[in-house]
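The values are calculated or read from the model by the stated rules, or taken from the named source; none is laboratory data. This structure is a prediction, so every number in the text was calculated from the model and none was measured. Positions of Cβ are backbone-derived with ideal geometry, glycine not excepted, and every protein chain shown enters the neighbour counts. Note: accessible area is taken over every heavy atom of the protein model, side chains too, but ligands, DNA and RNA are not part of it. Shrake-Rupley method; radii C 1.70, N 1.55, O 1.52, S 1.80 Å.
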Amino acid sequence: MGLDAIVLAGAKNNGRLSEISNQDYEALIEVNGKAITEHILDRLREVSLIDNIIVVGPSQLNKSNIDKFIPCQDSLLENLKLGLQTSKSPYSLVFTSDIPLITVEAIEDFLARCEGGKAAFYYPIIPKEFVEISFPKSNRTYFSLNEGTFTGGNIFLVNGDIVLRLEELLEKILKWRKKPWKLAYLLGFTFIIKLLTGKLSIALIEQEVYKLTGYIGKTIISDYPEIGFDIDKPADYKMIEKIYKGSDVKSN
């Protein structure tokens, strides 16, 4: 049995990206002649392990590559819940809608690294050096661990039933996802001290996640920086447009 992919495309275009597009939703902003989300859907359709593509988003989306469309709500948490409740597969592959450079190879590599594990959720991190090689002018948010310096990814493999049981915690995580220090407080004093002193490790993060949730979470190191290159601001958009015009985007 394959996976269901869930694309969360309900973010309203009321932030910095409104400077470059008057679309009502970020997912509808065009990159290289078509909506951001369509680039992701094109790639998902090519991944053999994905059985169904579920999109939670605005009605204006092109639905030709979508197996199940769900009208979005105003809350990211509600949209995630709608997607997970609709999914029929034990594990779901969740995507944000703002990573148009994602490739089939990157997705399949992430899934391969998760294979055989018994975790409830898997989250990718990308080494800084790989990001700087592929996108030398990008301005990403990095964090340091014993294993190196990383940025976070924008795809997640999750056990939907378990995630839905953690709604209260999930609400805090989503609310504070852009505020690492607030997230650190969820994981406790030891976690904060290790973070401040530069002694934080992947093993400790996974240990603290287990204490907090009662479930195993695994951090996956990915060599594919396009997993973490989301469009947050006009500079990101302009860089991605230049990449497409320069034909530097992989087709698979």
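Of note:
- Restricting attention to segment 23-41, the residues that are at pLDDT below 95 and either assigned to a loop (DSSP other than H, G, I, E, B) or more than 19 Å from LYS242 (Cα to Cα) (or both) add up to 2.
- Top-ranked residue of segment 192-234 - restricted to ones that are aliphatic (A, V, I, L, M) and crowded, with 19+ Cβ neighbours inside 10 Å, ranked as nearest to ALA11 (Cα to Cα): ILE231
- Taking the criterion of being open to solvent by 40 Å² or more (accessible area, probe 1.4 Å) and assigned to a helix (DSSP H, G or I), the residues of segment 161-177 that qualify are ASP161, LEU164, ARG165, GLU167, GLU168, GLU171, LYS172, ILE173, LYS175.
- LYS211 fulfils the conditions (1) in a loop (DSSP other than H, G, I, E, B); (2) at pLDDT 85 or above; (3) in contact with a Leu (Cβ under 9 Å, 6 or more places away or on another chain) except for a single criterion, (1).
- Taken over segment 129-147, the criterion of being charged (D, E, K, R) and surrounded by fewer than 17 Cβ atoms within 10 Å (Cβ to Cβ) is satisfied by GLU129, GLU132, LYS137, GLU147.
- Top-ranked residue of segment 186-229 - restricted to ones that are in contact with a Ser or Thr (Cβ under 8 Å, 6 or more places away or on another chain) and of a type in the set (Phe, Trp, Tyr), ranked as nearest to THR141 (Cα to Cα): PHE229
- Count of residues meeting criterion [open to solvent by 10 Å² or more (accessible area, probe 1.4 Å), outside any helix (DSSP H, G or I) and not acidic (Asp, Glu)] in segment 42-60: 7
- Qualifying residue in segment 149-156 (condition: over 26 Å from LEU41 (Cβ atoms) and out of contact with any Cys (no Cβ under 7 Å at 6 or more places or on another chain)): yes
- Within segment 203-224, residues that are over 17 Å from LEU183 (Cα atoms) have Cβ atoms under 8 Å from residues that are hydroxyl-bearing (Ser, Thr, Tyr) and part of a loop (DSSP other than H, G, I, E, B) in these pairs: TYR224/THR103, counting only partners at least 6 apart in sequence or on another chain.
- Residue in segment 181-189 that is of a type in the set (Phe, Trp, Tyr), part of a helix (DSSP H, G or I), touching a helix residue (DSSP H, G or I) at 6+ places or on another chain (Cβ under 7 Å) and closer than 16 Å to LEU145 by Cα present: no
- Where PRO136 falls short, out of the listed (1) under 17 Å from the mean Cα position of the chain (by Cα); (2) over 20 Å from THR213 (Cα atoms): (1)
- Top-ranked residue in segment 1-38 [being open to solvent by less than 10 Å² (accessible area, probe 1.4 Å) and of a type outside the set (A, V, I, L, M); ranked as nearest to CYS114 (Cα to Cα)]: ASP4
- Checked against the criterion of being without any contact (Cβ under 8 Å) to a residue 24 or more places away in the chain, over 18 Å from the mean Cα position of the chain (by Cα) and within 15 Å of THR219 (Cβ to Cβ), segment 143-164 has at least one qualifying residue.
- For segment 1-11, the set of residues classified as over 17 Å from ASN62 (Cα atoms) and outside any loop (DSSP other than H, G, I, E, B) consists of LEU3, ASP4, listed by residue number.
- Among the residues making up segment 70-116, those that are open to solvent by 40 Å² or more (accessible area, probe 1.4 Å) and either in a loop (DSSP other than H, G, I, E, B) or more than 25 Å from LYS172 (Cα to Cα) (or both) are GLN73, ASP74, SER75, LYS88, PRO90, GLU105, GLU108, ALA112, ARG113, GLU115, GLY116.
To keep it simple, each residue is scored yes or no on (1) buried (at least 19 other Cβ atoms within 10 Å of the Cβ); (2) at pLDDT below 90; (3) hydrophobic (A, V, I, L, M, F, W, C).
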{"site": "PHE150", "(1), (2), (3)": "yes, no, yes"}
{"site": "GLY153", "(1), (2), (3)": "yes, no, no"}
{"site": "LEU187", "(1), (2), (3)": "yes, yes, yes"}
{"site": "TYR237", "(1), (2), (3)": "yes, no, no"}
